[in-house]
Each structure stands twice: as C-alpha cells, then as structure tokens.
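The values are calculated or read from the model by the stated rules, or taken from the named source; none is laboratory data. For clarity, every value in this text was computed on a predicted model and none was experimentally measured.
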Amino acid sequence: MATGCDNLYLPPEMITDILKRLRVKCLVRFQSVCKDWRNLLKSPYFIEEHYHHSILNNCLLVCRICHRTDGIWPPCLLHCEKETVEVERLPVMDSLGRLTQLVGSSNGLLCVKLGYEEYYPLPSLLLLNPATREVRQVPKSTNDHGRSRFCRVDSGFGYNHVVRDYKIVTIHRVRHRNEYDLACVDLVDVFSLRKGSWKEVEFGIIRFIDLYSQPVTVNGAMFWSGWHRRDLRGVVVSFDLKTEVFTLISIPSSSPIYDNNLGVYENKVMGIPYSVHEFELWVLEEAGSCASGKSWVWTKKYRTSETSPLFPHFPLLRNELACYNAKGDSGLLFNTTTNSKLKKFTSSSADFVMVEKLVYVESLVSMCDMYIE
C-alpha cells in the first residue's frame, strides 16, 4: 500500500523555480542537501536564473551609515520593502572594519576600498561577494610612478558582458604649479579581473575634468557627472569598459545635472536636478552614431512638486525614488513610471544618516566563474 511519502516528488524545473526565489544564505546551506542540489546551485544556468529573479524582486541598498553616537559603520544592507527601512549588518563587512569605503557594485559583487584616506598612499582594494563571503584582494598597481606629490584617487567598478570581464578604473590626480594649483588627471589605471593585472590607458580628454559623482555602469560603460574647468560647462564622462576609451557627453544648460549624482533608470543613465520643492528625472539615450562616435540626447521623463521640502535620495530601486524630509527620518516613495506616490515610510532609526549607497543584488556569482550576461 502506497504511503504519502511515495508521492513526494517534485519535477526538477519546479525545484529550480522554488530555489531561485530564496536568499543566497539559504542556498549556500542547501548545497549540502544532496549532490544534485549542489550541482544545480553551482551551475551557470541556475546562477543566472537566480540573479535575474533577484533583480526584479530583491534589490537592496548597500550603504555606509554614520550613527550619531557610534560613528561610521562598515557597509550594511538597507531593506526598503516595508514601511520601515531596516538595517542588516553584514558579517564579512564588519570584519573589514569601519574605514571600508564602497567603490561599486555589479552582479552581486562589491568592490571596496580599505582605508579612509582617498589620497596617497594607494589604499587596498578588495572584490567580494557579501552573500557567499567570497573575498579576493586586488593586487596593487605598479604604475604610481613613485610620485610623492599630493594626489587624489577616484575609483569605479563595473562589468562588460561583451568581453565578460569585471574592471576597476582608478583616476589619479596631482597638483601642478603651472595649472593654477588645481588637481589635474595625471594617470588612469584599469584592472582586469580576467587578466589579473593593471594597465594604463589614455586620459587626455578628461585631464581638466572635475568629477562630482560616484560612477554608475550601464550597458558595459562607466559614467560620472563632472565639470570641465577650461570650457566652464557641465559634462558626463563615459568610459567604455570594452574599448577602454573616454568620451565627453554634453549636459543640457537647462538641467544642471553635473553637480548631482547619477543613477540608473530602465537600464539608462539618469540624473535628477532638484530644488527644495521639486525635482526632475532626465535620462541619457543613444540617438545613433556619427563620425566621432555615438550620438546622445537627454530626455526629461519625470517631474514633481511638493509643498513640503523633500530631497531625492539616490539610487532608484525598481523605478521607485525615495525622497526624505529635511530631518532625514521620514519621506515618500515615488513611482517614476506611473507618476504616483506609493507610500510614506520612516527610518528604523533616526540616529543615522547615509554616507555612501549603491544598488545591490544578492547573487551566487563567483569571481572564479564569471557567468552573468
């Protein structure tokens, strides 16, 4: 006579559909259930399925926060799904210490900088997957030319699916007496995870550009907002991670995006100029090609006004933009697609403010196996 246990069978495709909805910390434990599950959870197919499901449903913010009584915390996760923003500490980040800074996020991997100073000597860089706790130290570049002059380093991290490679870009600045004592770009170094090495790239076009934002990576290119000191105009700096070439993109004079952070909206570069009671959302779209390369156009997608002062808080999660009040302890969530206010929310603690923040998606991606397309 058959028992209830005899009918406990799930087809493999149903098991995959269930498992891809779980958080990584559960999946790491489930690898020890049986050999079939271990092989499934480590397969490129499942890793990609899980990641793309997480993009749509489980986007988080990874951020550094400054606690009013406890100072700067190591990077942690912010959960924004409920009406209260909740903080989750990350053990792997706590072990790195309070001086860990965020460089970039891509496919569930983070690049972080160890050391508070953004000036020389060069700090150490790490690549890590906070969910699986895999960590890899990035070798230091030998291209510092032995300089002892005052120098600042801006860094970015991104992935290009064409060359299937993660890259770190470091932009080095030094002060020259004959340049009105302003810091000019003196070296651009690019680290390839696939090759495991650094190389210098041409940077002349950005020599006199001041960068104002953390970079964002869209469609295999890295973007910063900035100001051209010689031409006295706002620009967006683009760096193609495949060709390793810089491009300057103009900004509409009616929209001062250059002094704001950039974000990603519907897989396009986004800027949000704002005043105390209103803000706009502009996106950068490809308009075709010309003799000098790609042609770009800015399009205004969204505008809102409020009677109470609100300040947009980058970045967006699923086309939703959080705007905080002047105190930073509560705010509104806007859906920029439907032009509607979704809900009010409060912080789980009014005792901290965000110092740095990035969109982060948990994944099983390993630095030894670069699968994601």
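Among what's in segment 138-165 and is modelled with pLDDT under 90 and outside any loop (DSSP other than H, G, I, E, B), pick the residue that is farthest from the chain's Cα centre (by Cα).
Looking at residues that are modelled with pLDDT under 90 and outside any loop (DSSP other than H, G, I, E, B), I get Cys151.
Would a scan of segment 212-221 turn up a residue that is at pLDDT below 90 and more than 24 Å from Met367 (Cα to Cα)?
Yes, segment 212-221 contains a residue that is at pLDDT below 90 and more than 24 Å from Met367 (Cα to Cα).
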